[in-house]
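Data first, discussion second: the structure below is written as structure tokens.
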Amino acid sequence: MTAVLVFALIAPTAQPKSQPPKAPDPVGFGLVADSEFHWPFYITKSPDVQKELKLSKEQLAAFDGAEADLKKSVADLGGLKPAQAKTYAAKVTKWADETVAAVLKTEQQKRHRQIVWQVLEFTGGTRTLAANPVFAKEIGLTADQLKQAKKIDADYYVGWQKLVRANPLVGNGPVPGEDALAKESEEAALKLLTAEQKKKWNEALGEPFVGEVKQFTIPGLRPVTFKAPEKK
């Protein structure tokens, strides 16, 4: 049923031949759909997001079906060799990105994209969003800036792992030193940006989303309440 609905939604509307072709909207979010938790799908489970985007019952059913299909697809990844898994995940990701574009109407896509970017910055920080190649291209980062952003993000992760190993008894609580580490990496990422790139960053995220965003329920991760990132 999902496939039928998606194909029905993706069928193009006939355009008069006198009109120039419309430039394609950005497709994809620089995310790999290699688990059942895929933010472009998952945010649509939040009632506030549904209301903001004015999602129809048919669209919600399509996203539910796509999530179910994704869960079945990624279950096969565990039995593949690394190279095969990478190729397979790339195909699943392409399908997921195209499904989002198919399910959402043109007027919904921009705000959905903005909310996804806001969620990614909230969950992973400025460093992670700057290191996202799709977002980096959207705001005009150079190849060198993207390389530096990826290093900042990687260095943060290595540092955080060291803190976790040094504090094995914290359980689900805050890890001592992680706030300072995050602040340092955030400041480093922001220093990479020009004034024009900061302006484009704010435009890419749009107006702050003030509703609640449903979070992944993953054992070992602390539950957090979404808060829209501040403007740069």
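The values are calculated or read from the model by the stated rules, or taken from the named source; none is laboratory data. Being a predicted model, the structure only gives us computed values, none of them experimental. When we count neighbours, we look across all protein chains shown, and the Cβ atoms used for this are built from the backbone with ideal geometry, even at glycine. Surface accessibility is based on the protein's heavy atoms, side chains included, excluding ligands, DNA and RNA. Shrake-Rupley method; radii C 1.70, N 1.55, O 1.52, S 1.80 Å.
Brief remarks on what is shown
- Counted as qualifying within the stretch 118-232 are the helices (runs of 4 or more DSSP H) with 1 or more residues that are at pLDDT below 95 and farther than 22 Å from Y42 by Cα, namely 143-166, 178-191.
- Within this structure, L104 passes the test of being under 26 Å from A136 (Cα atoms), modelled with pLDDT of 95 or more and out of contact with any Lys or Arg (no Cβ under 6 Å at 6 or more places or on another chain).
- Tally, over the stretch 93-114, of residues that are open to solvent by less than 40 Å² (accessible area, probe 1.4 Å), assigned to a helix (DSSP H, G or I) and out of contact with any Asp or Glu (no Cβ under 8 Å at 6 or more places or on another chain): 9
- Residue in the stretch 28-36 that is out of contact with any helix residue (DSSP H, G or I) (no Cβ under 8 Å at 6 or more places or on another chain), at pLDDT below 95, part of a loop (DSSP other than H, G, I, E, B) and open to solvent by less than 70 Å² (accessible area, probe 1.4 Å) present: no
- Among the residues of the stretch 160-183, those identified as in contact (Cβ under 8 Å) with a residue 24 or more places away in the chain and surrounded by 13 or more Cβ atoms within 10 Å (Cβ to Cβ) are L181, A182.
- Residue in the stretch 201-209 that is out of contact with any strand residue (DSSP E or B) (no Cβ under 7 Å at 6 or more places or on another chain) and open to solvent by 70 Å² or more (accessible area, probe 1.4 Å) present: yes
- Being of a type in the set (A, V, I, L, M), surrounded by fewer than 13 Cβ atoms within 10 Å (Cβ to Cβ) and more than 25 Å from E203 (Cβ to Cβ) is a description that does not apply to A85.
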